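The values are calculated or read from the model by the stated rules, or taken from the named source; none is laboratory data. Model, not experiment: these values are computed from the prediction. Virtual Cβ from ideal backbone geometry, glycine too; neighbours counted across all protein chains shown. For the accessible areas, the whole protein counts, side chains as well, though only heavy atoms, and no ligand, DNA or RNA atoms are used. Shrake-Rupley method; radii C 1.70, N 1.55, O 1.52, S 1.80 Å.
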Amino acid sequence: MSDALPGPTLSDEPILRVEDLKVHFPITKGIVIQRKVATVKAVDGVSFTIRRGETLGLVGESGSGKSTTGLAVLRMLTPTAGRIVFEGQDIAPHRGAELLAVRRRMQMVYQDPYGSLNPRMTIRSIVGEPLAVHGLDGDKKATREKVAALIASVGLLPDMADRYPHEFSGGQRQRIGIARSLALEPSLLIADEPVSALDVSIQAQVINLFMDLQERLGLTYLFIAHDLAVVRHISTRIAVMYLGRIVEIADRDDLYRNPLHPYTEALMAAVPVADPEVEARRPRAVISGEVPSALRPPPGCSFHTRCPRAMAVCKTEQPFLRKISPERAVACHLHTS
Amino acid sequence: MTRPLLEVNNLTTRFRTERGTVAAVDGVSFQVAPGETLAIVGESGSGKSVTALSVLRLIPNPPGRIESGEILFDGVNLVKLDDPGIRAVRGNKIAMIFQEPMSSLNPALTVGLQVAEPINVHRGTPWAKAYEAATELIGRVRIADAASRLNSYPHQYSGGMRQRVMIAMALACAPRLIIADEPTTALDVTVQAQILDLLKEVTRETGSSLILITHDLGVVARYADRVAVMYGGRIVEVAPARDLYARPQHPYTLGLMASVPRLDGGGGRRLMPIEGQPPDLASLPPGCSFGPRCRSIIPQCRTERPELIQVADRHAKACFANV
């Protein structure tokens with residue numbers, strides 16, 4: 001199935017290639033003798049590639065599986081099936097030491113700048129901890145200098161290094177989290193809603209920081225967020241998820257100008273633009289209903305229950321993600337011919 | 001101009017904290033006309049929610065207290081009302097919709113009972129009749145199969161459906177003013193659009209006014225008639241929505257506009273964030289509280305506090321500089 005997807009040519013081997021990734025969670029009943037009563041297919045056959053130096057935005061509403069996808073790529077979750085080819089190596093079956101080695105090249109930035117920093121550690125030890133975990137802190141002087149450089153690189157002042165997380169605002173804490181993620185000089189950063197807990201004026205500072213760091217360090221991002229405007233701003237390409245599947249993947253401007261999947265279209269229409277003149281002119285197509293439970297996804301295309309253009313075939317047959325141009329794929333029966 | 005439905009004059013609400021008393025709302029004045037939607041925008045700590053809670057006298061005391069000012073609703077000063085007096089207004093003439101529908105609904109009572117309750121309490125309508133009215137209200141907020149859904153409990157509803165229930169409750173006594181405090185922040189975007197469209201539609205039908213409190217400049221652009229921008233407990237700019245977006249006058253408003261990525265914007269355009277951190281209410285600088293982050297600061301800003309001044313028709317800003 002992977003050859004049907006927009007992917008790289010031979011000349012630019014992607015940094016990450018995810019193929020038919022599935023993450024299923026069993027629902028069990030009983031305490032001593034557990035029996036499986038159902039399965040939640042949080043991620044169900046997701047494939048995409050990320051090229052070196054680009055940002056792939058992963059958007060979707062709650063329950064779409066975007067965070068689970070991120071956690072599976074980082075191998076904080078074990079995939080049920082599928083391949084995760086990172087820098088030429090399938091890391092899906094990796095364990096223990098092998099995984100530790102992979103994580104030197106792949107790091108995470110979390111959503112909650114309060115919950116993700118240990119309140120009892122100073123900023124210096126938080127940022128330096130990855131070096132300690134990976135046994136790279138042998139030379140104390142070099143480590144100290146490295147941590148100082150990291151703290152400076154995210155726009156914090158050197159004298160902040162010996163303070164504790166509670167002394168910082170949300171935006172500053174997110175900078176600390178970013179500094180920590182950069183300590184091992186990874187090539188891929190997975191950022192899960194990294195700016196959604198921040199106020200708008202601070203959000204812009206952190207978005208700019210992400211973009212500056214990418215330019216300076218040649219980083220690759222998997223940027224997971226629900227805010228389409230933020231994702232469009234920061235991404236090179238965008239993948240839209242709905243109930244565990246990618247429904248459309250495209251260049252960010254194509255996706256906005258000409259959304260092909262009815263869900264992408266609905267999502268775009270739902271997001272208000274910060275300009276009353278534009279809003280007054282925009283067509284409004286609000287779709288009804290809410291995202292169905294992942295425990296009982298609708299048969300056929302899982303969006304058909306809310307789709308304004310659903311056809312008979314959509315109720316029975318699940319559409320697969322089909323490449324319709326070199327950079328673009330969509331999973332919709334409207335686009336099968 | 002028609003007589004305003006709500007007129008807030010010089011409202012100051014203080015909270016006692018470990019670090020001394022702070023003015024969460026500091027000398028705020030604004031008006032809401034009948035049928036109008038006023039958006040109050042601001043970041044966390046700007047005082048937008050405390051303003052809303054003050055109007056309904058829902059400030060927990062202690063530690064909070066409305067220190068001064070008047071809140072004239074339909075000519076009556078709400079600040080001066082005794083407890084039974086303000087209770088007769090809450091949920092009756094002024095209704096509130098909170099951000100988190102799950103914590104605003106009682107998990108142990110059926111939805112029907114909670115929607116019928118204000119009708120019974122304020123109108124003295126017998127329960128059986130109040131239930132009938134509740135059925136109709138639930139239908140009006142487009143919850144399908146209203147009659148049977150009345151006997152369900154809040155946990156059996158999804159987030160969006162719960163917020164519809166909150167709107168039904170708010171509408172129960174045909175209020176003249178609805179205050180919605182970040183009503184869709186906890187919801188997915190497609191559901192957010194449904195809920196805000198519904199809210200706008202019902203206020204249009206009933207002619208009631210709406211105060212929409214939000215941090216989302218997109219939501220403001222889509223739904224508000226007029227906008228008040230708050231910073232550090234004060235209103236820094238107030239204007240009709242189109243005017244505010246076309247010709248923002250206060251450096252903070254300008255900064256906010258340049259900070260938000262736009263869905264229709266050219267990607268890659270560098271955002272222009274407001275430098276620095278949001279103000280600490282316990283140690284505000286003398287003069288303008290936006291001063292330390294302001295690009296247009298002049299000496300006067302460091303010593304004097306700017307009051308709201310008219311800059312155009314229905315457009316006012318609290319700033320000394322010419323932006």
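Just a few scattered comments:
- Along chain B, counting only GluC sites (Glu not before Pro) with a DSSP assignment other than H, G, I, E or B and at most 16 other Cβ atoms inside a 10 Å radius, the longest segment between sites is B:19-274.
- Interface residues, the range A:217-232 - accessible area loss of 20 Å² or more versus chain alone, probe 1.4 Å: A:His226, A:Ala229, A:Arg232
- Solvent-accessible surface of the protein assembly as shown, taken per residue with a 1.4 Å probe and all protein chains present: 43 Å².
- Charged-residue dipole, Cβ positions (Lys, Arg, Asp, Glu), the range B:1-83 about Cα centre, Debye nearest 20: 180
- Shielding by partners, peptide A:287-297 (average Cβ within 10 angstrom, other chains): 3
- Per-residue mean of C-beta atoms belonging to partner chains within 10 Å, peptide B:254-260: 5
- A simple charge model with +1 on the Cβ of Lys and Arg, -1 on the Cβ of Asp and Glu and nothing else charged puts the dipole of chain B at about 220 debye relative to its Cα centre.
- The range B:237-323: projected area of the alpha-carbon convex hull, averaged over directions, in nm²: 6.5
- Stokes-Einstein, applied to the Kirkwood radius of the range B:97-195 over Cα pairs at a viscosity of 0.890 mPa s and 25 °C, places its translational diffusion at 183 µm² s⁻¹.
- Across all Cα pairs in chain B, the calculated P(r) in 10 Å bins from zero up to the longest distance comes to 6, 25, 32, 24, 10, 3, 0 percent per bin.
- Protein-only accessible surface at a 1.4 angstrom probe places the residues B:Val121, A:Val73 in the order B:Val121, A:Val73, largest first.
- Cα long-axis angle, helix B:159-171 against chain B (0 to 90 degrees, to the nearest 10): 80
- Based on every Cα atom in the range A:1-138, Rg and the maximum pairwise Cα distance Dmax equal 17.7, 55 Å.
- Stokes-Einstein D for the range A:195-245, Kirkwood Rh over Cα pairs, 25 °C, 0.890 mPa s (µm²/s): 204
- Nearest-ten-degree value, helix A:200-217 long axis tilted from longest Cα axis of chain A: 80
- List A:Ser325, A:Ser288, A:Ser181, ordered by accessible area with a 1.4 Å probe, largest first: A:Ser288, A:Ser325, A:Ser181
- Cα convex hull volume per residue for the range B:164-323 (Å³): 148
- Overall dimensions of the range A:25-65 as given by Cα atoms, namely Rg and Dmax in Å: 16.5, 49
- Between helix A:140-153 and chain A there is an angle of about 50 degrees, using the helix long axis and the longest principal axis of the Cα atoms.
- More than 18 Å apart - percent of Cα-Cα pairs taken over the range B:6-84: 39
- Taken residue by residue and averaged, Cβ atoms of other chains lying within 10 Å of the Cβ of A:200-212 number 6.
- Cα point-scatterer Debye curve for the range A:270-325, base-10 log of I(q)/I(0) at q = 0.25 Å⁻¹: -0.99
- Projecting the Cα atoms of B:Asn9, A:Ser64, A:Gly53 onto the charge dipole of the protein assembly as shown (Cβ charges, centred on the Cα centre) puts A:Ser64 farthest toward the positive pole.
- Of all accessible heavy-atom area on the protein assembly as shown, the percent that carbon and sulfur account for (1.4 Å): 52
- In the A-B interface, the accessible area buried, summed over both sides, Å² (probe 1.4 Å): 3900
- Computing Rg and the Kirkwood Rh from the Cα coordinates of the range A:60-207 gives a ratio, Rg/Rh, of 0.98.
- Take the Cα radius of gyration of the protein assembly as shown and divide it by 2.2 N^0.38 Å, N being the number of residues; the result is 1.02.
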